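J.: Shown below is the structure under consideration.
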Amino acid sequence: MQGVLASTWFDVGVDVVFVASVAVIAPDSAQSRKLYVDALGLPLAAAEGSEYWHTEELAGTRHFAIWPLREAAQACFGQPEWPAHLSVPQASIEFELADAEAVSAAAGELEDRGFALLHAPREEQWGQTVARLLTAEGLIIGISSPPRCTSTTDASNHGQPARQGIPMRARVVPCLLRSATRSARRSRAIRTSWSRSAPARCRR
């Protein structure tokens, strides 16, 4: 069994760097806020005129949000209605990969394994490449690259990218900080792996 698991693990072609965001997909955003904001007291906020309530100050996650279903539909299909032939998604999880080339390769890998994409990899206005699929559990899974280290926000739209319906995680954290964080995480992962595998006498 261990041999089978090892073979399966190393056969995977997608190299996920970290979980970039988690979002509840809400047909009724106001109703969802009664639970997540009013009852649970999560520090979610949205720009004026936006229904995308989110935070990057909740310990244990980089980005947590309430994503209106109509905005999820707009992000995936360019229309405010979710297609009737698809299951209505319950939540979204976005995995960040190393770069745009990794996203394209991962999308091809997923399709080769029989997973249908909601849309092919594409570059958003703020320089982030993303592809999405819908799982059997009702989750939108996004695979994305880091955004470019340039400002592509619209000042007249409260600093948000001009395109609506996309999780705004990418615009909040400066690119250089994100890059440093990824490097630090990789270093910690390498040190942790060595610490667990090295004999005790080598760790003294």
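The values are calculated or read from the model by the stated rules, or taken from the named source; none is laboratory data. All values derive from a computational prediction rather than experimental measurement. Backbone-built Cβ (ideal geometry, glycine too); neighbour counts: all protein chains shown.
J.: Among the residues of the stretch 121-137, which ones are hydroxyl-bearing (Ser, Thr, Tyr) and either touching a residue at least 24 places away in the same chain (Cβ under 8 Å) or not assigned by TED's automatic domain parsing to the domain that holds LEU69 (or both)?
T.: THR129
J.: Condition test on PRO146, is it surrounded by 15 or more Cβ atoms within 10 Å (Cβ to Cβ), in contact with a Cys (Cβ under 7 Å, 6 or more places away or on another chain) and modelled with pLDDT under 95?
T.: Here the answer is yes, as PRO146 does meet what is asked.
J.: In the stretch 51-66, is there at least one residue being touching a Lys or Arg at 6+ places or on another chain (Cβ under 7 Å) and closer than 22 Å to GLU137 by Cα?
T.: There is at least one residue in the stretch 51-66 that is touching a Lys or Arg at 6+ places or on another chain (Cβ under 7 Å) and closer than 22 Å to GLU137 by Cα.
J.: Considering only helices (runs of 4 or more DSSP H) fully contained in the stretch 1-120, which possess at least 3 residues that are without any contact (Cβ under 8 Å) to a residue 24 or more places away in the chain?
T.: Hits in the stretch 1-120: 2-11, 100-112.
J.: Which members of the stretch 108-147 meet the condition of being over 20 Å from GLN90 (Cβ atoms) and touching a Pro at 6+ places or on another chain (Cβ under 6 Å)?
T.: Selection gives GLN125, TRP126, GLY127, GLN128, THR129.
Results for (1) over 30 Å from GLU101 (Cβ atoms); (2) surrounded by fewer than 18 Cβ atoms within 10 Å (Cβ to Cβ); (3) hydroxyl-bearing (Ser, Thr, Tyr), shown as yes or no for each residue.
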| site | (1), (2), (3) |
| --- | --- |
| PHE18 | no, yes, no |
| ASP28 | yes, yes, no |
| LEU44 | yes, no, no |
| GLY49 | yes, yes, no |
| TYR52 | no, no, yes |
| THR61 | no, yes, yes |
| PHE64 | no, no, no |
| PRO68 | yes, no, no |
| ALA72 | no, no, no |
